[in-house]
Amino acid sequence: MKICLIEPFHTGSHSAWAEEFARYSRHDVEFLTLSGRHWKWRMHGGAVTLARQFLESDCKPDLILVSDMLDLTTFLALTRERTAGIPTALYFHENQLSYPWSPNGANPAQQRAHYAFINYTSALAADAIFFNSNYHCDTFNGQLPEFLKGFPDQNELGSLALLKAKSEVLPLGLDLQRFDQYKPEVSTSKKPPLILWNHRWEYDKNPEEFFQALYQLQDEGLTFEVAVLGESYRKCPPVFSEAQQRLGERIVQFGYAKDFADYARWLWRADILPVHSNHDFFGASVVQAIYCHCAPLLPRRLAYPEHIPAAMQNRFLYDDFDGLLERLRGMLKNPVRETRELRSHVAHYDWGELIKRYDDRFEMV
C-alpha cells in the first residue's frame with residue numbers, strides 16, 4: 001500500500017515519529033513536509049503550500065496520513081481533483097483545544113479558539129482519527145461540547161458522536177531498542193543519586209516547581225546530583241539560569257545533549273525522574289527514561305498513569321507538590337533498585353511491538 005504522509009511541522013517528535021514509522025512500516029511511505037518553525041503559520045498556510053506540492057508531484061497514494069498541524073479541510077478542498085476518492089487518517093500528537101496556551105501569548109482565548117477549530121474541522125474531514133494516548137483521546141472529545149457551545153448558534157453538537165465513533169488510540173511509536181547499545185556495564189562505584197530533567201525547557205513542563213522541590217531537598221541537606229537535558233529555545237524560562245546558580249556543583253550536566261549517544265548515556269546513568277508537568281499528551285521523554293531503568297515519580301494525571309503498571313501506581317505516582325517532595329525525599333534516602341517491571345511495561349511502545357498494529361490499522365482505513 002502507498003501512503004502519503006503529510007507533516008507541516010517536520011521537526012522534533014513529529015519528524016521522529018514520521019521517519020521511524022516509514023522505516024519500520026511494510027507499506028511504501030512518501031513524505032510531503034515543511035520545516036518545523038512558525039507553527040501558527042503552518043496551521044494557517046501550510047495546507048496551501050502542501051496542496052500545491054501534492055498537485056505538482058506524481059504521488060498516487062492509497063491513503064493520506066496527516067498530523068494535527070495540517071488544516072486538512074483546506075488541503076482536501078485545494079486538491080479535490082486528485083484526492084476526492086482517497087481515504088484520510090489524522091494523527092493527533094497534540095491538539096490546540098487542550099494544549100495550555102502560553103501566558104505570554106496575545107489574546108490567548110481568541111487564538112485558542114481559532115487553532116482548535118482547525119483541529120475540529122480537520123477531524124470532521126478525516127475518515128479515521130488516531131490519538132497517541134487514552135488521556136489525549138478522552139480530553140479532546142470531552143472538551144469539544146463546551147468549545148462548540150461557545151459559538152453563537154448552529155453549534156453542530158450532533159457532530160460529536162461522529163467524531164467519537166471514528167476516534168481511537170494508537171500509542172506513539174518509539175525507537176526504544178536504540179537505547180540498548182549504550183547500556184553501561186554494572187558499576188560498583190557509589191555515586192550520589194542522579195536526578196534527571198530530560199524535557200523541553202518550556203513553561204508547560206513546570207520547571208519552577210521541579211526546581212523548587214530540589215531547592216527544598218538541598219536545604220534539608222540531602223545528597224544528590226542533577227542532569228538537566230532537553231531542548232531549550234530563545235525564550236527560555238529564567239528559572240533554568242537561576243537553578244544553575246542555586247544548585248551549583250550538584251548540576252553535572254546542563255544543556256542539550258550533543259548527540260543521541262550522549263543523551264542515551266545520561267538516561268542510563270540517571271536514577272530518579274521527578275516530573276511535575278502541567279501538560280503532556282503522551283510523554284515520550286518519560287517513557288525513554290523509564291526504559292533506561294530510571295525510576296519515575298509522576299503526577300497522577302495527564303497521560304502518565306498509562307505508563308505505570310496498575311499494581312505499582314501508588315508507589316510511583318503522587319497527587320500534589322507535597323506528595324512529590326515526600327516521595328522524592330524517600331527515593332533519595334532509599335533508592336529504587338528494581339525497575340525491570342517498569343521497563344517491561346513501557347517496552348510495548350517500541351516500534352517492534354507497535355508497527356504491525358499501525359500497518360494493519362492504516363490498511364483498514
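Got at least one residue in region 124-142 being modelled with pLDDT of 95 or more, more than 23 Å from Phe21 (Cβ to Cβ), buried (at least 21 other Cβ atoms within 10 Å of the Cβ) and not β-branched (Val, Ile, Thr)? If you could, list the steps in order and put the result at the bottom.
Step one: filter region 124-142 for residues modelled with pLDDT of 95 or more, giving 124-142.
Still in the list and also more than 23 Å from Phe21 (Cβ to Cβ): 124, 138-139, 141-142.
Filter once more, so that each one left must be buried (at least 21 other Cβ atoms within 10 Å of the Cβ): none.
For region 124-142, residues modelled with pLDDT of 95 or more, more than 23 Å from Phe21 (Cβ to Cβ), buried (at least 21 other Cβ atoms within 10 Å of the Cβ) and not β-branched (Val, Ile, Thr): absent.
Does region 1-28 hold any residues that are surrounded by 21 or more Cβ atoms within 10 Å (Cβ to Cβ) and among the β-branched types (Val, Ile, Thr), and which are they?
Answer for region 1-28, where residues must be surrounded by 21 or more Cβ atoms within 10 Å (Cβ to Cβ) and among the β-branched types (Val, Ile, Thr): Ile3, Ile6.
Given (1) part of a helix (DSSP H, G or I); (2) β-branched (Val, Ile, Thr); (3) closer than 20 Å to Ala128 by Cα, identify the lone condition not met by Thr49.
Among (1) part of a helix (DSSP H, G or I); (2) β-branched (Val, Ile, Thr); (3) closer than 20 Å to Ala128 by Cα, Thr49 violates only (3).
Kindly evaluate Val336 against the criterion of being of a type in the set (A, V, I, L, M, F, W, C) and within 22 Å of Cys137 (Cβ to Cβ). Spell out how you get there, then give the answer.
Working: of a type in the set (A, V, I, L, M, F, W, C): yes; within 22 Å of Cys137 (Cβ to Cβ): no.
Here the answer is no, as Val336 does not meet what is asked.
Just to verify a result, which residue in region 36-85, among those that are closer than 14 Å to Lys2 by Cβ and touching a residue at least 60 places away in the same chain (Cβ under 8 Å), is surrounded by the fewest Cβ atoms within 10 Å (Cβ to Cβ)?
Out of the qualifying residues, it is Asp62.
Give me the pairs: first residue in region 331-344 and in a loop (DSSP other than H, G, I, E, B), second residue small (Gly, Ala, Ser) and surrounded by 11 or more Cβ atoms within 10 Å (Cβ to Cβ), beta-carbon distance under 6 Å, and six or more apart or on different chains, which are they?
Short answer, once both residue conditions are applied: Val336/Ala295; Thr339/Ala295.
Those residues that are of a type in the set (D, E, K, R) and assigned to a loop (DSSP other than H, G, I, E, B), I need them from region 298-323; list them, please. Before the answer, list the steps.
Taking region 298-323 as the starting set, the residues that turn out to be of a type in the set (D, E, K, R) are 300-301, 306, 315, 319-320, 322.
Across region 298-323, the qualifying residues are Arg300, Arg301, Asp319, Asp320.
I'm told Ala347 meets every condition in (1) touching a strand residue (DSSP E or B) at 6+ places or on another chain (Cβ under 8 Å); (2) assigned to a helix (DSSP H, G or I); (3) surrounded by 14 or more Cβ atoms within 10 Å (Cβ to Cβ) except one. Can you identify the failing condition by its number?
(1)
Any residue in region 139-168 that is in contact (Cβ under 8 Å) with a residue 24 or more places away in the chain sitting within a Cβ distance under 7 Å of a residue that is polar (S, T, N, Q) and part of a helix (DSSP H, G or I)? List the pairs, counting only those 6 or more apart or interchain.
So the pair list comes out as Leu163/Asn141; Ser167/Asn141.
Please enumerate the residues belonging to region 56-100 that are touching a Pro at 6+ places or on another chain (Cβ under 8 Å) and either of a type outside the set (Gly, Ala, Ser) or more than 21 Å from Asn141 (Cβ to Cβ) (or both).
Residues of region 56-100 that are touching a Pro at 6+ places or on another chain (Cβ under 8 Å), as a first pass: 62-64, 67, 69-70, 86.
Passing the criteria: Asp62, Leu63, Ile64, Met69, Leu70, Ile86.
Before we move on, is Arg329 in contact with a helix residue (DSSP H, G or I) (Cβ under 7 Å, 6 or more places away or on another chain), charged (D, E, K, R) and more than 27 Å from Ala264 (Cβ to Cβ)?
Details: in contact with a helix residue (DSSP H, G or I) (Cβ under 7 Å, 6 or more places away or on another chain): yes; charged (D, E, K, R): yes; more than 27 Å from Ala264 (Cβ to Cβ): yes.
Spelling it out, Arg329 is indeed in contact with a helix residue (DSSP H, G or I) (Cβ under 7 Å, 6 or more places away or on another chain), charged (D, E, K, R) and more than 27 Å from Ala264 (Cβ to Cβ).
Kindly indicate which of Val186, Val275, Val252 is of a type in the set (A, V, I, L, M) and free of Cβ contacts under 8 Å to residues at least 12 places away in the same chain. Spell out the reasoning first.
Working: Val275 fails: free of Cβ contacts under 8 Å to residues at least 12 places away in the same chain; Val252 fails: free of Cβ contacts under 8 Å to residues at least 12 places away in the same chain.
Every option except Val186 fails the conditions.
Please list, ordered by residue number, the helices (runs of 4 or more DSSP H) wholly in region 178-293 having 2 or more residues that are buried (at least 19 other Cβ atoms within 10 Å of the Cβ) and under 24 Å from the mean Cα position of the chain (by Cα). Talk me through it step by step, then tell me what you get.
Details: elements: 207-219, 239-247, 260-269, 284-291.
Qualifying helices (runs of 4 or more DSSP H): 207-219, 260-269, 284-291.
To keep it simple, each residue is scored yes or no on (1) outside the structural domain of Ala303 (by TED's automatic domain parsing); (2) in contact (Cβ under 8 Å) with a residue 60 or more places away in the chain; (3) over 20 Å from Gly283 (Cα atoms).
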| residue | (1), (2), (3) |
| --- | --- |
| Leu196 | no, yes, no |
| Asn206 | no, yes, no |
| Gly221 | no, no, yes |
| Val228 | no, no, no |
| Gln245 | no, no, yes |
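Of all residues in region 52-80, count the ones that are assigned to a helix (DSSP H, G or I) and in contact with a strand residue (DSSP E or B) (Cβ under 9 Å, 6 or more places away or on another chain).
Step one: filter region 52-80 for residues assigned to a helix (DSSP H, G or I), giving 52-56, 72-78, 80.
Then drop every residue that is not in contact with a strand residue (DSSP E or B) (Cβ under 9 Å, 6 or more places away or on another chain), which leaves 53-54, 72, 75-76.
Residues meeting the conditions: 5.
The values are calculated or read from the model by the stated rules, or taken from the named source; none is laboratory data. These numbers come from a predicted model, not from an experiment. When we count neighbours, we look across all protein chains shown, and the Cβ atoms used for this are built from the backbone with ideal geometry, even at glycine.
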